[in-house]
1. Test of understanding: extend the Cα→C-beta vector of ASP66 to 7 Å, then name every residue of region 1-16 with backbone N under 19 Å from that spot.
2. Viscosity 0.890 mPa s, temperature 25 °C: give me the Stokes-Einstein translational D for the chain in µm²/s, with Rh taken as the Kirkwood radius over C-alpha pairs.
3. In debye to the nearest 20, how big a dipole does the chain give about its Cα centre with +1 on each Lys and Arg Cβ and -1 on each Asp and Glu Cβ?
4. Need the list of aspartates and glutamates near LYS16 for cross-linking: C-alpha distance under 16 angstrom, and skip anything on the same chain fewer than eight residues off.
5. Over the chain, what is the mean sequence separation of C-alpha contacts under 8 Å (at least six apart), divided by residue count, expressed as relative contact order in percent?
6. So, with a 1.4 angstrom probe, what is the percent of accessible area on region 41-98 that is carbon and sulfur?
7. Between ARG45 and ILE17, what FRET efficiency comes out of the Förster formula 1/(1 + (r/R0)^6) with R0 = 25 Å and r the beta carbon distance, rounded to 0.05?
8. Report, ordered by chain and residue number, the lysines lying within cross-link reach of LYS11, taken as a straight Cα distance under 26 Å and ignoring same-chain residues fewer than 8 apart.
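The values are calculated or read from the model by the stated rules, or taken from the named source; none is laboratory data. In this text the structure is predicted, and so the values were computed from the model without any measurement. Every residue, glycine as well, gets a Cβ built from its backbone with ideal geometry; the counts of neighbours run over all protein chains shown. Ligands, DNA and RNA are excluded from the accessible area calculation, which covers all protein heavy atoms including side chains. Shrake-Rupley method; radii C 1.70, N 1.55, O 1.52, S 1.80 Å.
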Amino acid sequence: MITNNVMLKLKDNNNKIISNVKEELLSMKGNIEFLKDITVELNIREGASNFDILFVTTFESMADFDAYLTHPVHVKVSQNIGSNIEESAAVCFESSIN
């Protein structure tokens with residue numbers, strides 16, 4: 001199992017933009033066959049070093065993750081939210097289910 005965690009810092013983190021970005025991200029659920037799951041969490045603590053959104057995606061394999069990255073739905077979502085993003089950071093890791 002591959003888990004990818006992405007943190008997004010938005011240029012303008014007002015509630016409407018945060019909500020729109022969250023909705024865009026969640027719109028991928030059920031629309032990309034390689035994507036097993038996606039969760040989107042919002043930051044609740046103010047701070048200059050904090051990010052605004054965390055989204056976690058899971059995949060069966062690294063090949064599925066790579067296919068997701070170029071999938072038209074993912075590309076469209078990336079384009080739709082891209083102008084709102086100031087900074088991002090990611091950690092991708094292999095996990096096991098017990």
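1. Only 1-5 fall inside the zone, counting backbone N under 19 Å.
2. In µm²/s, the coefficient is 176.
3. Rounded to the nearest 20 debye, it is 240 debye.
4. GLU24, GLU41, ASP52
5. Numbers: 155 pairs, mean separation 47.5, N = 98.
Relative CO of the chain lands at 48 percent.
6. Its accessible area is 53 percent carbon and sulfur atoms.
7. Computed FRET efficiency for ILE17 and ARG45: 0.85.
8. LYS22, LYS29, LYS76
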